[in-house]
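Just so it is clear, none of the values below were taken in a lab; they were calculated from the coordinates. Every value quoted in this text rests on a predicted model; they were computed, and no experiment measured them. In this analysis, Cβ positions are derived from the backbone assuming ideal geometry, glycine residues included, and neighbour counts consider all displayed protein chains.
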Amino acid sequence: MFTGLVRAIGRLERAPAGLRVRMGERGPTSVAGPAWGPADLALGDSVAVDGVCLTVAECLADGFRADVSEETLARTVLAERAGSGAWVNLEPALRLADRLGGHLVSGHVDGLGEVCRISRQPASWQLELAWCDPAYGRYICEKASVAVDGISLTVAGCAGDGGSFWIAVIPHTWAGTTLSQRRPGERVNLEADLLAKYTERLLAASGSAGLDQHWLRQQGY
């Protein structure tokens, strides 16, 4: 489990077996966060790489190597970013004693999104995105949480079906993540809010669980 708060930036590369992440490079970020790097990794650790939960299969002096399944490569942008040596966002797994500063992120990407437009605002950047599969728009609403390339962000507004939406990115996040490297037309990893998905599942099973709109109204919702 993760929070969507990026702790480091690294380079993603292809390896003979899986993918390799080189850590400890500053990359596009200018915001110094808590120290976290290769020395903090152990074999078997979970690390979110651009929002994708990967397992450390080998610890290296400058990073780590992870095995990646065909399913993961097919559902994310990791393959294309590894081919170009792109910068990626990194976050270690959440500990039970840690603060939950972002939102609950599983590291299981739901689908891909496309960057539609990036515009500079007086005190922030506005990033407009669209799901490649519009069906996932049902999980998006104003002020909902969404993970974009592993970054916990808040939906500032959306189209009626949620298929497209926009977020306001503050300077700290813009400088401390890879968002400043994204361009219109590029694809990103998207993970919808876990609570929305669990709620949908429970409502779909309301015949056996008794959780439906009538029950919610009785409880004052």
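Couple of notes before you dig in:
- Relative to the longest principal axis of the Cα atoms of the chain, the long axis of helix 194-204 makes an angle of roughly 40 degrees.
- Note that the stretch 141-150 has calculated 3J(HN,Hα) couplings of 8, 4, 6, 6, 9, 8, 9, 10, 6, x Hz, one per residue in order, obtained from phi through the Karplus relation 6.51 cos²θ - 1.76 cosθ + 1.60 (θ = phi - 60°); glycine and proline are x.
- Secondary structure note: in the stretch 8-92, about 100% of the DSSP beta bridges are antiparallel.
- For GLY157, the residues 5 or more places off, or on other chains, whose built amide H falls under 5 Å of its own are LYS143, TRP166.
- Ascending count of other beta-carbon atoms within 10 Å, so fewest first, for GLU186, GLU128: GLU186, GLU128
- Where trypsin sites (Lys or Arg not before Pro) in DSSP loops with at most 14 other Cβ within 10 Å are excluded, longest remaining stretch of the chain: 144-221
- Gain upon complete extension [GLN181, ALA97; 0.36 nm per residue less C-alpha separation]: 27.0 nm
- Sorted ascending by nearby beta carbons within 10 Å, beginning with the fewest, THR154, THR173 become THR154, THR173.
- Cα-centre dipole for the chain with unit charges at Cβ (Lys and Arg positive, Asp and Glu negative), debye to 20: 460 debye
- Helix-derived mean residue ellipticity, 222 nm - over the chain, DSSP H n ≥ 4, -39500 (n - 2.57), to 500: -4500 deg cm²/dmol
- Note on ARG117 and ASP161: their simple-model spin labels are 2.0 nm apart, each label 7 Å out from Cα toward Cβ.
- The Cα atoms of the stretch 111-194 give a gyration tensor whose axes a ≥ b ≥ c have a/c of 1.5 or more with a/b greater than b/c, which makes the shape prolate.
- Take the Cα of GLU200, step 7 Å toward its Cβ, do the same at SER84, and the gap between the two points is 2.8 nm.
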